[in-house]
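**Student:** Before we start, here is the structure in question, set down as structure tokens.
The values are calculated or read from the model by the stated rules, or taken from the named source; none is laboratory data. The structure displayed is predicted, hence computed values, not measured ones. FYI the Cβ positions are ideal-geometry reconstructions off the backbone, even for glycines, and counts take in every protein chain you see. For accessibility, only protein heavy atoms count, side chains too; no ligands or nucleic acids. Shrake-Rupley method; radii C 1.70, N 1.55, O 1.52, S 1.80 Å.
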Amino acid sequence: MKIARLFTVATFLLACATANAFDFKSVGSVPTILYDSPSLHGIKRFIAPPGMPVEVVHTAHAWSKVRDVYGDMVWLETKALSDTRTVIVTADRATAYQQPAMDANRVFTVEKGVVLNLDGPVGSPWIKVRPQGGPAAYLQTSEIWGI
């Protein structure tokens, strides 16, 4: 009986963690201060640039706890978030292709840290992205963060 109860609790906790594990958003159109706690009186940790992707881990009132590309957990005002989906390049240099295949025509290359707009449904092992003002193309999901 205890094992069944423990299994039920573990399954519930895993389901909760999974449900919240991939709630990605981006920083809105203006730079945003990231804090160590959900308060304007907290320690200012970083200024996030517009469009930076973040994973929302928890929301409490007017604040959201987010994880960045480096795994750091910080707080920002929820109103500073946008539903626009972006990704950030984590590879030193990533090549974007016209089609989701390594033998397709190359469209552009991007350096580590570049933020791109998500331009299609999330898939694997490829994702369709678009640089601001540029053509849509496909990157390998192993070269980006934010999905």
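**Student:** With respect to GLY120, is the statement that it is within 17 Å of the chain's Cα centre (by Cα), more than 15 Å from PHE22 (Cα to Cα) and modelled with pLDDT under 95 true?
**Tutor:** yes
**Student:** Now for a different question. Count, please, the residues in the stretch 38-53 that happen to be surrounded by fewer than 13 Cβ atoms within 10 Å (Cβ to Cβ) and over 24 Å from VAL114 (Cβ atoms).
**Tutor:** Going through the stretch 38-53 one residue at a time, the tally reaches 5.
**Student:** Cβ-Cβ under 6 Å, sequence separation 6+ or interchain: first residue in the stretch 22-44 and closer than 17 Å to ALA60 by Cβ, partner surrounded by 14 or more Cβ atoms within 10 Å (Cβ to Cβ) and of a type in the set (Lys, Arg). Which pairs?
**Tutor:** LEU34/ARG45; ASP36/ARG45
**Student:** If you go through the stretch 54-72 one residue at a time, how many are out of contact with any Lys or Arg (no Cβ under 9 Å at 6 or more places or on another chain), open to solvent by less than 50 Å² (accessible area, probe 1.4 Å) and not charged (D, E, K, R)?
**Tutor:** 4
**Student:** Please determine whether any residue of the stretch 56-69 is in contact (Cβ under 8 Å) with a residue 60 or more places away in the chain, closer than 15 Å to ASP23 by Cα and under 14 Å from the mean Cα position of the chain (by Cα).
**Tutor:** Among the residues of the stretch 56-69, at least one is in contact (Cβ under 8 Å) with a residue 60 or more places away in the chain, closer than 15 Å to ASP23 by Cα and under 14 Å from the mean Cα position of the chain (by Cα), which makes the answer yes.
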